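*Asks:* Structure below; questions to follow.
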Amino acid sequence: MADQPLTSRGAATYQRILDAATREFAQYGIAGARIERIVSAASTNKAQLYAYFGNKDKLFDAIFFGSLERIVNVVPIDATDLADWAVRLYDEYLRRPDLIRLATWARLERRPAGHLVEDRDRLDDRKLRAIAEAQAAGRVRQGDPFDVMAMVIAMSMAWSPVSNVYAATAEEPSEVHEQRRALLRECVRHAVAAD
């Protein structure tokens with residue numbers, strides 16, 4: 001990012017840009033997002049946006065990496081209960097469907113294969129260590145900790161906005177979500193249980 005805002009007014013403008021850009025990128029992707037729509041929705045101008053973020057790609061990066069950090073902080077892993085972690089991820093996708101949509105656009109438009117982000121930008125070291133420790137303690141099945149984590153995340157996304165079967169919304173009846181949570185919890189428990 002080029003410049004951080006120094007005043008409370010600047011911080012408010014900065015946050016409005018982030019919020020508007022998050023909606024824009026989540027809906028249209030990187031190529032389809034338009035700076036004009038972002039500045040209009042943020043009640044600012046291009047000069048302000050470029051002063052804070054430099055360009056459209058850097059703006060996407062700020063939002064995307066912020067969304068990755070949010071998932072790590074809001075839904076911290078508990079490798080002793082990966083089933084609960086999967087359910088908490090499911091709930092976060094309901095609350096913030098834009099998070100998973102941003103990751104999908106990054107996959108489609110930037111990194112179609114391999115890790116979603118460069119090694120230096122990955123935030124999964126703590127998760128992988130926690131899974132390896134749970135494996136060593138006999139609580140989680142053996143296998144590459146990354147593959148175990150990837151499988152649990154994929155299961156948690158079964159009804160997410162990127163599902164190729166059914167995309168759930170927070171507006172659905174709570175009993176439907178409870179049924180899905182119970183099924184997800186049971187399936188993850190069985191999938192990761194130590195042999």
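*Asks:* Per DSSP H run of n ≥ 4, the term is -39500 (n - 2.57); total these for the chain, divide by its residue number, and report the mean residue ellipticity at 222 nm rounded to 500 deg cm²/dmol. Working shown, then result.
*Replies:* Working: 9 runs with 129 residues, N = 195.
Roughly -21500 deg cm²/dmol at 222 nm, from the helical runs in the chain.
*Asks:* Among residues other than Ala170 whose Cβ falls under 10 Å from its Cβ, what is the net charge (Lys/Arg +1, Asp/Glu -1)? Mind showing how you got there, number by number?
*Replies:* Values: positive: Arg95, Arg96; negative: Asp91, Glu171, Glu172.
Once positives and negatives cancel, what remains is -1.
*Asks:* Name the most mobile residue of Gln179, Gln142, Gln48, meaning the one with the largest mean-square fluctuation, in a Gaussian network model of the chain with Cα contacts below 10 Å.
*Replies:* Answer for the Gaussian network model of the chain: Gln179.
*Asks:* Same structure again: Of the candidates Ser40, Ser67, Ser160, which one comes out as most mobile in a Gaussian network treatment of the chain with C-alpha springs shorter than 10 Å?
*Replies:* Sorting by GNM fluctuation, first place goes to Ser40.
*Asks:* Given N residues in the chain, what is Rg(Cα) / (2.2 N^0.38 Å)? Mind showing how you got there, number by number?
*Replies:* Values: Rg = 18.6 Å, N = 195, 2.2 N^0.38 = 16.3 Å.
That ratio works out to 1.14.
*Asks:* Related question: Compare Pro145, Pro161, Pro173 in a GNM of the chain, Cα atoms joined below 10 Å, and give the one with the largest fluctuation.
*Replies:* Judging by the Gaussian network model, the answer is Pro173.
*Asks:* In Å, what is the Rg of the alpha-carbon atoms in the range 72-170, and how long is Dmax?
*Replies:* Computed over the Cα atoms of the range 72-170, radius of gyration and Dmax are 13.9, 40 Å.
*Asks:* Quick one: if you stick a label point 7 Å off each Cα along the C-beta vector at Val165 and Asp78, how many nm between them?
*Replies:* Those two pseudo-labels are separated by 2.6 nm.
*Asks:* In Å³ and rounded to a whole number, note down the convex hull volume per residue for the Cα atoms of the range 1-99. It would help to have the intermediate numbers written out before the result.
*Replies:* On the way: hull volume 10.6 nm³, N = 99.
Output value, Cα hull per residue: 107 Å³.
*Asks:* Continuing with the same structure: Give the accessible surface of the chain per residue, rounded to a whole number of Å², with probe radius 1.4 Å and ligands, DNA and RNA excluded. If you can, show how the numbers build up before the last one.
*Replies:* On the way: 10630 Å² over 195 residues.
Accessible surface, normalised per residue, equals 55 Å².
*Asks:* How far is helix 174-192 tilted, in degrees, relative to the longest principal axis of the Cα atoms in the chain, given as a value from 0 to 90 rounded to the nearest 10?
*Replies:* Taking Cα atoms only, the helix is inclined about 60 degrees.
*Asks:* Then there's this: Within the set of other residues whose C-beta is less than 13 Å from the C-beta of Tyr28, count the net charge using Lys and Arg as +1 and Asp and Glu as -1. Display every interim value, and only then the final one.
*Replies:* Details: positive: Arg23, Arg34, Arg37, Lys56, Arg101; negative: Glu24, Glu36, Asp98, Glu109.
Overall, the nearby charge balance is +1.
The values are calculated or read from the model by the stated rules, or taken from the named source; none is laboratory data. Because the structure is predicted, anything quoted here is derived from the model rather than measured. So basically every Cβ, Gly included, is an ideal-geometry build from the backbone, and we count neighbours across all protein chains shown. Heavy atoms of the whole protein, side chains included, go into the accessibility calculation; ligands, DNA and RNA do not. Shrake-Rupley method; radii C 1.70, N 1.55, O 1.52, S 1.80 Å.
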